[in-house]
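Accompanying notes for the structure given below.
Throughout, read-outs are computed from the coordinates displayed, never taken from laboratory work. On a predicted model such as this, the values are computed, not experimentally measured, just so you know. Reconstructed Cβ throughout: ideal geometry from the backbone, glycine too, with neighbour counts over all protein chains shown.
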Amino acid sequence: MYDDEPLYVDCGPHGKRVAAVVCCHILHSGEVVGFIENSADPNDLQAWCEECEEMFLAEEDKTEAFEAFNDRAIVCGVCYKALKSKHSKKSRKRSSYGCIQH
Ligand SMILES: [Zn+2]
Ligand SMILES: [Zn+2]
């Protein structure tokens, strides 16, 4: 079964928009945490950060521990895009440095 109707969220200044899901780290971190998208469906946007991705791969499923770590939050599609550009690490400016070392 499959529900065609997208979920909407009322996002203050953005008004009623398609809802998107991000992890708490993407939402709250002031640092670039990465932005791994799990769905390409514009009516079902989901993303989490690199740490969540590692946790997910280690747990091999959306386990309780993973859900607790992920602590996902609902944002609107506009916020999602803004967070995506904020947290995406695919910056072309850095390519000349080769491997990025911290
Ligand atoms: Zn995360
Ligand atoms: Zn919004």
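Karplus-derived 3J(HN,Hα) values for the range 71-80, using 6.51 cos²θ - 1.76 cosθ + 1.60 with θ = phi - 60°, are 6, 4, 10, 8, 10, 8, x, 5, 4, 4 Hz; glycine and proline are entered as x.
Protection proxy ranking, highest mean first, for peptides 46-52, 67-73, 8-14: 46-52, 67-73, 8-14, where packing is the per-residue count of other beta-carbon atoms within 10 Å, averaged. Phi angles across the range 13-18 convert, under the Karplus curve 6.51 cos²θ - 1.76 cosθ + 1.60 with θ = phi - 60°, into 3J(HN,Hα) values of x, 8, x, 7, 9, 4 Hz, Gly and Pro given as x. Local charge for Y8 was computed over the other residues whose Cβ lies under 12 Å away, with Lys and Arg +1 and Asp and Glu -1, and equals 0. The length gained on full extension between L7 and A58, counted as 0.36 nm times the residue separation minus their Cα-Cα distance, comes to 15.4 nm. Cross-link reach is defined here as a Cα-Cα straight distance under 20 Å, omitting same-chain residues fewer than 8 places apart; for K89 the lysines meeting it are K81. If the chain linking V32 and D71 were pulled fully straight, counting 0.36 nm for each residue of separation and taking away their Cα-Cα distance, it would gain 12.3 nm. Across the range 1-68 the C-alpha pair distances fall into 5 Å bins from zero in the proportions 4, 15, 19, 22, 20, 14, 5, 1 percent.
If you take all other residues with their beta carbon under 15 Å from the beta carbon of C79, and give Lys and Arg +1 and Asp and Glu -1, the sum is +4. Using the Karplus relation 6.51 cos²θ - 1.76 cosθ + 1.60 with θ = phi - 60°, the per-residue 3J(HN,Hα) values for the range 52-61 come to 5, 4, 5, 4, 4, 5, 5, 7, 6, 6 Hz, with x marking Gly and Pro.
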